[in-house]
Amino acid sequence: FTKYFGLVLLMITLSFTVSAQQGEVNVDQDSDIDKLLEYKKDIKTTKIYTIQIYSSLDPDKAEREKDNFSNAYSEWPADIVWNTPNYKVWVGNFATRLEADRALVKIKKKYIDAIILQPKQEKK
């Protein structure tokens, strides 16, 4: 019994003296990557995603649905777009598909027919 007790006591003492190692990470990257990132910041994206939550022939119904959405989800802007022959309620301006997908998950709880669109942008 005393052998085991001494061994356990030795292990406990050693466990308090053990410490974690610390290290340093150095990233060596090509200087062209920084130039590319700066260039990318200057380019305005033409890929914008939006979510369509409603479509109707009646502009008053579209306006009511836009107001209902704005009251329920204030984090995304809502607009009415007239696209022959319907008035459509589009929400959000998402720079990436991933952002749009994340928003769609939340929006589908109330608007089950909501879909992600990538509308054509006018060249400026």
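The values are calculated or read from the model by the stated rules, or taken from the named source; none is laboratory data. Just so it is clear, the model here is predicted, and its values are computed rather than measured. Note that we place each Cβ from the backbone using ideal geometry, even for glycine, and neighbour counts take in every protein chain shown.
Look through the range 23-51, keep the residues that are part of a helix (DSSP H, G or I) and either polar (S, T, N, Q) or farther than 23 Å from Thr96 by Cα (or both), and return whichever of them is modelled with the lowest pLDDT. Per the stated criteria, the residue is Ser31. Exactly one residue among Tyr54, Tyr87 is modelled with pLDDT of 95 or more and out of contact with any Phe, Trp or Tyr (no Cβ under 8 Å at 6 or more places or on another chain), and that residue is Tyr87. Listed conditions (1) aromatic (Phe, Trp, Tyr); (2) free of Cβ contacts under 8 Å to residues at least 40 places away in the same chain; (3) surrounded by 14 or more Cβ atoms within 10 Å (Cβ to Cβ) are all met by Trp82, apart from (3). Checked against the criterion of being among the hydrophobic types (A, V, I, L, M, F, W, C), modelled with pLDDT of 95 or more and in a helix (DSSP H, G or I), the candidates Phe69, Phe5 yield just one match: Phe69. Flag: Thr96 matches the condition of being over 16 Å from Ala114 (Cβ atoms) and modelled with pLDDT of 80 or more.
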